[in-house]
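The values are calculated or read from the model by the stated rules, or taken from the named source; none is laboratory data. Remember, predicted model here, so these are calculated numbers, not experimental data. Because the Cβ atoms are built from the backbone with ideal geometry, glycine has one as well, and the counts that use them run over all protein chains shown. The protein model used for the area step is the full one, side chains on, heavy atoms only, and it has no ligands, DNA or RNA in it. Shrake-Rupley method; radii C 1.70, N 1.55, O 1.52, S 1.80 Å.
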Amino acid sequence: MGKVVLVTGVARQLGGRFVRRIQRDPEVDRVIAVDAVPPEHHLGGADFIRADIRQPTIARVLAEHHVDTVVHMDVTATALGGRGGRGSRGTVKETNVIGTMQLLGACQKSPAVKRLVVKSSTSVYGSAPKDPAVFTETTPPKSLPSGGFAKDTVEVEGYVRGFARRRPDVAVCVLRFANILGPAADSPLAEYFSLPVLPTVFGYDPRLQFVHEDDAVEVLRLASHDPQRGTLNSGTFNIAGDGQLLLSQCSRRLGRPTVPVFLPAVTWVGSALRTVGMTDFSPEQIRLLTHGRVVATRQMRETLGFRPKYTTAETFADFVRSRGPGLLPPGALAGAVDRIAALPLAGGHPSAN
C-alpha cells in the first residue's frame, strides 16, 4: 500500500494544483481532497470530501481513510465564498486558527498519521522599521504581528509546535512561503499588483521576495515524502526565490504608475479600496509595502534539499506576462525616455559635431 495523503484547502488554485501533482507520484496510493467549498477546478482522480476543518468531523475523515500524511494548505489570507467570492475576516481567522486546532487534534488522535506539512508564511516575521536586513528561521521578529493573517500564522505555528511535542513520532514540516505569485495567483498582493495604479507609501521603497506557484507545488510535494539521503524533511523552512526586487522595480516592470501617499493617509486609502472590493489592502500589507521583508533560504537548500526553478525576478516576470501591459508599458516608456534624451537641451544649441 502506498501513501494516503489528505490535503486541505483544495478549492483554491494552488491546492488544486498540488492535489493533481501529488497523484502522479508512484509512492502515493490515494489522495483525499478536503474543503468546505466545492472546487471549481478538477482534482484528477482524488477523492473530494466536502468538510469544514473547523468541525470535529475531520477526525472521522482521517480515521475512515487511514490517512498517513496530512498537507495543511488551508491557512490563507482570504476566504472563499460559495461562488468563489471573498469571505469575512472572521471566517478567515476561524478557518486559519480554529480549523488548524481541530485538524491537529484529529491528527493527534490518529495513530496512522506519520507526516504533517503546514503551509505557513514569512509574514510571521512581521514588517517593522528596525527589522534585520535578512530573516533566518530562528530570527525573532522585532515586533510581533498584532492582527490579520500575520497574527493567524503566528498562532498556527504555535499550535503546530505544541502538536510536535505531543506527537514526536510524527515528522512535522512547516514551510514559510514568501509571497506566492504566478499566472494563477489569487493572493492579496497579486490583487494589489493588478490595480491600474499602485498606491505606495511616500518616501519608502521596500524590498520584496517572491516564490513561483510552480515552485510552491514542488516544495510541498518534496516535504510530503520521506526524506532523501542527506536531507531532512522536518523542521521550519523559509521558501523564496533567489534575489529580491524593490517595489519601484516591480511597478516599472508592470508598466503601472504609482501614486505615493503619505503614511498617515495610507490606512484611509486601504479602507477605500477594501470598500469598493478592489483589493484586500490590509494593515499588514501596508506594513509590507512600507518596510518590506527579505528572508534567508540556506536551510531550504542545504537541509530540505530544494532549489527553486524561478528566481524572485523570474517569478515576477511570469506574473507580469499573465497580467498584460499596464498603462505605461515598459517598452513604450523606455522608448519615450530615449527620445527625450536625444533632444537638445531646452534653450541650447546642437553640438557642432
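Along the axis of the charge dipole computed for region 115-174 (Cβ charges of +1 for Lys and Arg, -1 for Asp and Glu, origin at the Cα centre), the listed residues 132, 144, 174 are led at the positive end by 174.
What region 142-257 shows is 38 Å² of accessible area per residue, with the surface traced by a 1.4 Å probe over protein heavy atoms. Report the residues of region 18-36 in range of a label on residue 112: point 7 Å along Cα→C-beta, backbone N strictly under 16 Å from it. Backbone N within reach: 28-34. Between amide H atoms placed 1.01 Å from N, distances below 5 Å from residue 121 occur with 177, all of them 5 or more places distant or on a separate chain. With each label modelled as a point 7 angstrom along the Cα→C-beta vector, the residue 91-residue 204 pair spans 3.0 nm.
Of 78, 57, 138, the order by accessible heavy-atom surface (1.4 Å probe, DNA, RNA and ligands excluded), from most exposed downward, is 138, 57, 78. Straight-line reach from residue 3: which lysines have Cα under 21 Å away, leaving out those fewer than 8 places along the same chain? The reachable lysines, counting only those whose Cα sits under 21 Å from residue 3, are 109, 114, 119.
Assuming a ≥ b ≥ c are the square roots of the Cα gyration tensor eigenvalues, decide whether region 83-184 counts as rounded (a/c under 1.5), prolate (otherwise, with a/b larger than b/c) or oblate. Note, shape of region 83-184 comes out oblate. For a quick check of your reading of the filter: which trypsin sites (Lys or Arg not before Pro) in region 3-32 sit in a DSSP loop and have no more than 11 other Cβ atoms within 10 Å? Qualifying residues, ordered by number: 24. For region 3-67, just say rounded, prolate or oblate: build the C-alpha gyration tensor, square-root its eigenvalues into a ≥ b ≥ c, call rounded for a/c under 1.5, and beyond that prolate if a/b exceeds b/c, oblate if not. Oblate, since a/c reaches 1.5 and b/c is not below a/b.
Label-to-label distance, residue 51 versus residue 21, with points set 7 angstrom from Cα along the beta-carbon direction: 2.4 nm.
So which trypsin sites (Lys or Arg not before Pro) in region 134-236 pass both tests, a DSSP loop state and at most 12 other Cβ atoms within 10 Å of the Cβ?
Filter output for region 134-236: 229.
Only protein heavy atoms count here; under a 1.4 Å probe, residue 149 has an accessible surface of about 30 Å². Calculated FRET efficiency, residue 42 to residue 314, Cβ-Cβ distance, R0 = 30 Å: about 0.60 to the nearest 0.05.
With a simple spin-label model that places each label point 7 Å from the Cα along the Cα-to-Cβ direction, the separation between residue 232 and residue 165 comes to 1.9 nm.
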